[in-house]
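Asks: The structure that follows is given in the form of structure tokens.
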Amino acid sequence: MKHVIIGNGIAGISAAEMIRQMDADASMTLIGDESFPPYCRPMISMVLEGSVGYDRLPVRGADFYDRMRIQPILGNRVTALDVDNRTVSVQGEHNISYDKLLIATGADPRPIKANNLHLKNIFFMRTAEHVRAMLEAVPSARRALVLGGGLVGFKAAYGLLHRGIPVTMLIRSGYPLALQVDPRAGQMIQDELVARGLDVRVEVHVIGFDGNSRVRRAFLSDGTELDCDMVVIGKGVTPALSFVPKNIIQVDLGILVNRHLETSVPGIYAAGDVAELIDLARNTRWVNAIWPEAVAQGRVAGMNMVGRKVAYKGSLSRNVIRIFGLDVMTAGIVNAPHDGPYEVIARDDPLRKNYRKLVFLEDRLVGMTLVNHIQQGGMLIAMMQSGRPVNISREKILSASFNYRQLIR
Amino acid sequence: MRKVIVHPQRCVGCMQCMHACATAHSKSKELFAAALESPLPKARIHVGVGLFNEGFPNRCRHCEPAPCQLACLPGAISRDVETDTVLIDPDLCINCASCAMACPFGVIRYHQHCYAPPGKVVAVKCDNCFERQMQGLIPACVEVCKAHALTFEDPSRALKRRTDEVARSVSPGVLQTDLAAGFSVLNAHKRQQIEIALRRSQS
């Protein structure tokens, strides 16, 4: 059986390991855009911050491809996928044929529209290479501008503040991390960052830049100007599927897959940031572009590719961030609509900077926001993933003293 | 291979396992000296209070595959095959709490400890007392548990015993041996008291 995996991110390598574990004879080819050994993408912001070095990024040794007996084709992107002839084309390579194909191409930073984006020192923050370039600009940077109040924007701002660079953050929505946390937690995070010197401006965006080869100034939508010599664009990501024939393989925002991570074309699978599948909390198809999902989906895709019909229950959005003195963990539905079928309970203890919010749909837990006391949050996430009815007092779960004993009868 | 097995029905919630665990993971390995150490040694087994004030020693299950290991960003979590133990390398840990998000049992804590680089906050959890096991000792929580709520034995043996118990419960003719008779009475009593108090407060 000839397996071809597109993508050397964590979804791709998790699938490869699973395939090798279950089929010692399988032939495997892995096509990767980056020529690095497999590394941990969420940690690049820590390299920016300076808390870990580049040497800590790889998640597998340099001998990974040899050890797994994988033929790597690195440094180029797939340009075409021929479903009828079962081949993929890579820049400068012949057609590579496959029996089973995994698309684990991940996602690319979402571009923005603004004038003079070609200027130096305007960055995305997605790859190790991006951070390497950013670190070259750091020593001479006097004022940084971060576009977007999502996770990447926050991690960039956090890292740069740590490096002693004043940061202005522009957020289009009303509060930071609007997709990850509810307004209350968003406010707590913002207060914490503002106290540490971050300048946050909401409901404003950039329309253009000015500078002499390097960026010097930004023009904002409210008519003001802002001096800056470094810009980080953190406007989210979009699945990398430009080579996918959309008339043959069903695509929405991501590539649609069933419970076996198989696309609408048998023998072609998708996993990770590029895949769209049922979301357990939202009960609808969703792209959850997060590391733990990529690991889990990659493994299940690998099992199915070697012929073991394993079903994946569904994905769940979740995140945990530590920002200075705040720990924030969220999962599932964080902003339940007021007129929806959801029941929301919350407990706020501003003195202790402790906040908990739970979202229920009938007898199931479908969302949570925890600020501090996050250590046992995994229990709540497991409850959401299992979908099992919550048959104990909801107030008990809201309490910081909630523990595993209360779940067993 | 022997493993730590939890028998929730026997736990009286005395928390001695927590003290023993903290002491076993201290520099001095002595209770009174450990209490003076900095960083203060902390337990990796957590006795939680149930809905009726019953105790339960919550400790790492050393799952296979371990969700924390799969979720760990820097690859700091690994499995020691010899003792079937999931271990966290404090040098590699970046304190990102990804494992807290992954652990369905909520047994991972974040603090400094004496094997970690000084001043570094890291993820900490049960290591099956591998240090003690190398010296031929059994895990500290088991050694100290007076109620036999924690035992160190071959899981298949424990499973067989439990199967026998179930078999006895469905065939009344078989000789009954209540393994935790005293505690069943105690727990039933505690439960009753709270239920009565609840009913009073409602009426």
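The values are calculated or read from the model by the stated rules, or taken from the named source; none is laboratory data. Keep in mind it's a predicted model, so treat the numbers as computed, not measured. Virtual Cβ from ideal backbone geometry, glycine too; neighbours counted across all protein chains shown. The accessibility values were calculated without ligands, DNA or RNA, using every heavy atom of the protein model including side chains. Shrake-Rupley method; radii C 1.70, N 1.55, O 1.52, S 1.80 Å.
Asks: Given the DSSP H assignment, sum -39500 (n - 2.57) over each helix run of at least 4 residues in the protein assembly as shown and divide by its residue total; what's the result at 222 nm in deg cm²/dmol, nearest 500? Don't jump to the answer; show the numbers that get you there.
Replies: Numbers: 17 runs with 159 residues, N = 612.
Roughly -7500 deg cm²/dmol at 222 nm, from the helical runs in the protein assembly as shown.
Asks: Which parts of region A:117-153 would a label at A:SER51 reach, counting a residue when its backbone N lies under 17 Å from a point 7 Å out along Cα-to-Cβ?
Replies: Residues A:151-153 fall inside that zone.
Asks: Now, a different point. Rank-order A:125-135, A:241-251, A:173-183 by packing density, defined as the average count of other C-beta atoms within 10 Å over each peptide's residues, highest first. List each step's numbers first, then the result.
Replies: Working: A:125-135: 17.5, A:241-251: 15.8, A:173-183: 19.7.
So the peptides A:125-135, A:241-251, A:173-183, ranked by packing, come out A:173-183, A:125-135, A:241-251.
Asks: Residues with beta-carbon under 10 Å from that of A:SER386, excluding A:SER386: net charge, scoring Lys, Arg +1 and Asp, Glu -1? List each step's numbers first, then the result.
Replies: Working: positive: A:LYS313, A:ARG364, A:ARG388; negative: none.
Charge balance in the 10 Å sphere: +3.
Asks: Could you compute how fast region A:122-235 diffuses translationally, taking Rh as the Kirkwood radius over C-alpha pairs and applying Stokes-Einstein at 25 °C with viscosity 0.890 mPa s? Give it in µm² per second.
Replies: Here the translational diffusion coefficient equals 174 µm²/s.
Asks: Counting only other chains, and only Cβ atoms inside 10 Å, what mean value do you get across the residues of A:339-352?
Replies: 0
Asks: Now for a separate question. Can you give the FRET efficiency for B:PHE130 and B:GLU64, using 1/(1 + (r/R0)^6), R0 = 22 Å, r = Cβ-Cβ distance, to the nearest 0.05?
Replies: 0.85
Asks: In nm, to one decimal, how far is the modelled label at B:ALA197 from the one at B:LEU36, with both set 7 Å along Cα→Cβ?
Replies: 3.8
Asks: Per residue, how many Å² of accessible area does chain A show with a 1.4 Å probe?
Replies: Solvent-accessible surface per residue comes out at 42 Å².
Asks: Given H placed 1.01 Å from N in the peptide plane, which residues other than close sequence neighbours of B:ILE5 have an amide H under 5 Å from its amide H?
Replies: For B:ILE5, whose amide H was placed from the backbone, the distant partners under 5 Å are B:THR151, B:PHE152, B:GLU153.
Asks: So for A:GLU343, A:GLU34, what's the accessible-area order with a 1.4 Å probe, most first?
Replies: Accessible-area ranking of A:GLU343, A:GLU34, largest first: A:GLU343, A:GLU34.
Asks: So, in Å, what gap is there between the alpha-carbon centers of region A:368-409 and region B:136-175?
Replies: 28
Asks: Which of the three applies to region B:3-91, rounded, prolate or oblate, going by the alpha-carbon gyration tensor with a ≥ b ≥ c and a/c under 1.5 meaning rounded? All intermediate terms of the calculation are to be shown ahead of the outcome.
Replies: Working: a/c = 2.08, a/b = 1.16, b/c = 1.79.
Cα axes put region B:3-91 in the oblate bin.
Asks: Measure out, as a whole number of angstrom, how far apart the alpha-carbon centroids of region A:315-336 and region A:33-80 sit.
Replies: Cα centroid to Cα centroid, the span is 26 Å.
Asks: Can you pull the mean other chain C-beta count within 10 Å for peptide B:44-57?
Replies: Per residue, the number of nearby Cβ atoms from other chains is 4 on average.
Asks: Using only Cα atoms, figure out Rg for region A:336-407 and give it as a multiple of 2.2 N^0.38 Å.
Replies: My calculation over the Cα atoms of region A:336-407 gives 1.06.
Asks: DSSP beta bridges in the protein assembly as shown, what fraction antiparallel, as a percent rounded to 5?
Replies: Here the share of antiparallel DSSP bridges comes out near 65 percent.
Asks: Let me ask something else about it. Starting from the Cα of B:LYS29, step 7 Å toward the Cβ, then list every residue of region B:100-138 with an amide N under 18 Å from that point.
Replies: B:114-116, B:127-138
Asks: Quick one: Karplus J couplings for region A:106-118, per residue in order, coefficients 6.51, -1.76, 1.60, θ = phi - 60°, nearest Hz, x for Gly and Pro?
Replies: Karplus-based 3J(HN,Hα) across region A:106-118 equals x, 9, 10, x, 6, x, 10, 9, 6, 6, 6, 6, 6 Hz.
Asks: Hey, with R₀ at 41 Å, roughly what FRET efficiency would A:ASP66 and A:LYS120 work out to, going by the Cβ-Cβ distance, to 0.05?
Replies: Efficiency computed from Cβ-Cβ geometry: 0.60.
Asks: Can you give the mean number of other chain Cβ atoms that lie within 10 Å of the Cβ atoms in peptide A:397-407?
Replies: Values: counts 0, 0, 0, 0, 2, 3, 9, 10, 16, 7, 7.
What the average comes to for A:397-407 is 5.
Asks: Which whole-Hz ³J(HN,Hα) couplings does region A:342-356 yield from phi under the Karplus relation 6.51 cos²θ - 1.76 cosθ + 1.60, θ = phi - 60°, glycine and proline marked x?
Replies: Whole-Hz 3J(HN,Hα) from phi for region A:342-356: 8, 10, 10, 10, 8, 9, 10, 10, x, 4, 8, 6, 10, 9, 9.
Asks: Rounded, prolate or oblate for the protein assembly as shown? Axes are the square roots of the Cα gyration tensor eigenvalues, ordered a ≥ b ≥ c, and the cut-off for rounded is a/c under 1.5.
Replies: Verdict is prolate for the protein assembly as shown.
Asks: While we're here: How far is helix B:155-170 tilted off the main Cα axis of chain B, in degrees rounded to 10, range 0 to 90?
Replies: Here the helix axis deviates by roughly 20 degrees.
Asks: Additional query: Interface size between chain A and chain B, please: total buried accessible area, 1.4 Å probe, rounded to the nearest 100 Å².
Replies: 2600
Asks: Pick from A:LEU351, A:LEU30, A:LEU193: which residue has the top mean-square fluctuation in a GNM of chain A where Cα pairs under 10 Å get a spring?
Replies: Among A:LEU351, A:LEU30, A:LEU193, the largest mean-square fluctuation in the Gaussian network model of chain A belongs to A:LEU351.
Asks: Continuing with this model, one more query. Taking the full set of protein chains and a 1.4 angstrom probe, give the accessible area of B:ILE45 in square angstrom, rounded to the nearest 10.
Replies: We get 0 Å² for B:ILE45.
Asks: Looking at the square roots a ≥ b ≥ c of the eigenvalues of the Cα gyration tensor of region B:110-199, which shape do they give, rounded for a/c under 1.5, prolate if a/b is larger than b/c, or oblate?
Replies: Numbers: a/c = 3.29, a/b = 1.57, b/c = 2.10.
It comes out oblate by the Cα gyration axes.
Asks: How many Å³ per residue does the convex hull of the Cα positions in region B:3-158 occupy?
Replies: Details: hull volume 18.7 nm³, N = 156.
Each residue corresponds to 120 Å³ of Cα convex hull volume.
Asks: Please work out the FRET efficiency for the pair A:ARG214 and A:ARG347, using the Cβ-Cβ distance as r and a Förster radius of 41 Å; give the result to the nearest 0.05.
Replies: Working: r = 49 Å, r/R0 = 1.19.
Calculated value: 0.25.
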